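Reviewing the structure listed below.
The values are calculated or read from the model by the stated rules, or taken from the named source; none is laboratory data. These figures come from a predicted structure and were not determined experimentally. Here the Cβ is made from the backbone with ideal geometry for all residues, glycine too, and neighbour counts use every protein chain on show. In case anyone asks, the SASA skips ligands and DNA or RNA and just uses the protein heavy atoms, side chains included. Shrake-Rupley method; radii C 1.70, N 1.55, O 1.52, S 1.80 Å.
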Amino acid sequence: QPGEVNAGAVRDLFACSVDVMPTLMEMSGIDEPQPSGVQGSSLAPALSEDDFAIRDDVFIENPGQRRALRTADMLLTWHGRDTRGELYDLTTDPNCFVNLWDDPASRECKADLIDQLLDRMTANVDPLPPQEGPW
């Protein structure tokens, strides 16, 4: 029933660790401070709304310069300046065996995903280190 919590339901949602705090705040009845500096969004509506979607992709920050963007169909990983990256079509290659980074047929898709990745990095004021050394 709408509005009821289905504890046994499994949801396929893109969520991030930044969504935990706003979720707990909403479920505890605590209002978000205004103006809000909270990056995440509450996942609480997913408990009662079958069609709830929080975002279309996930931005992944790894140590060093590696950044990734995961969408429903694609995974793009950028390893930093002057290096190769990885691009996988998750619909045909869910285990990420075939890297499409240098595939001419994937050039447009790669460019779109890189644009999206740069948007996420900019929105997060990404503190990307200027370079990595062998230390």
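Projection of the Cα convex hull of the range 3-102, averaged over all directions and equal to a quarter of that hull's surface, yields 9.0 nm². For chymotrypsin sites (Phe, Trp or Tyr not before Pro), the sites in the range 21-127 that DSSP calls loop and that have at most 12 other Cβ atoms within 10 Å are PHE97.
In the range 68-112, with Lys and Arg counted as +1 and Asp and Glu as -1 at Cβ, which of these residues, CYS109, THR77, VAL98, has the Cα nearest the positive end of the dipole, that is, farthest along it? Checked the options; the winner is THR77. What does the accessible area of LEU118 come to, in Å² to the nearest 10, when a probe of 1.4 Å is used? The accessible area of LEU118 comes to roughly 90 Å².
Positive contributions from Lys and Arg (+1) and negative ones from Asp and Glu (-1), summed over other residues with Cβ under 12 Å from the Cβ of ASN99, come out at -3.
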